[in-house]
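Enquirer: Provided herewith is a single structure, encoded as structure tokens, for subsequent inquiry.
Read-outs throughout are calculated quantities, based only on the coordinates presented, and are distinct from any laboratory measurement. Just so we're clear, the structure is a prediction, and the values are computed from it rather than from any experiment. Positions of Cβ are generated from backbone atoms using ideal geometry, with glycine treated the same way; all protein chains shown enter the neighbour counts.
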Amino acid sequence: MFEALLLTAVLAADLPTAAALLASADAPRRAQLHSVVRLRATVQPDEGPTQTGEFDLYIGNEDEQLVVFRDKRNKGRKFLL
């Protein structure tokens, strides 16, 4: 009998809505909006020299990003994502 009461109490508890679950899942991604991330990428091919590039990623809204290259070879190059 006690188990049935406990189960009823658990089921009656406030469960998050689908919108609340989606909002909490998107929170880490939204935390980076309107910020700048400096990145360094290294490519190590099987044959040939290692290549390293540095760039800044300007994050605007969810569909607006700008990449600005900072390394000597590509300095000043930009592209929108």
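Enquirer: Which of the trypsin sites (Lys or Arg not before Pro) found in the stretch 19-81 are in a DSSP loop and have at most 16 neighbouring Cβ atoms, other than their own, within 10 Å?
Expert: Within the stretch 19-81, the qualifying trypsin sites (Lys or Arg not before Pro) (loop, at most 16 other Cβ atoms within 10 Å) are 70, 72, 73, 75, 77.
Enquirer: Go ahead and estimate [θ] at 222 nm for the chain from helices alone: -39,500 (n - 2.57) per DSSP H run with n ≥ 4, summed, over the residue count, rounded to 500.
Expert: On the way: 2 runs with 25 residues, N = 81.
Counting only the DSSP helices, I get -9500 deg cm²/dmol.
Enquirer: Report the full-extension gain for the segment residue 63 to residue 32: residue separation times 0.36 nm, less the Cα-Cα distance, to one decimal in nm.
Expert: That pair, residue 63 and residue 32, stretches by 9.9 nm at full extension.
Enquirer: Going by alpha carbons, how many degrees (0 to 90, nearest 10) lie between the helix axis of 18-31 and the longest principal axis of the chain?
Expert: 30
Enquirer: Counting pairs of alpha carbon atoms under 8 Å apart in space and at least six apart in sequence, what relative contact order in percent does the stretch 2-80 give?
Expert: Values: 88 pairs, mean separation 14.8, N = 79.
Relative contact order here is 19 percent.
Enquirer: Tell me the Rg and the Dmax, in Å, that the Cα atoms of the chain produce.
Expert: When restricted to the Cα atoms of the chain, Rg and Dmax are 23.5, 74 Å.
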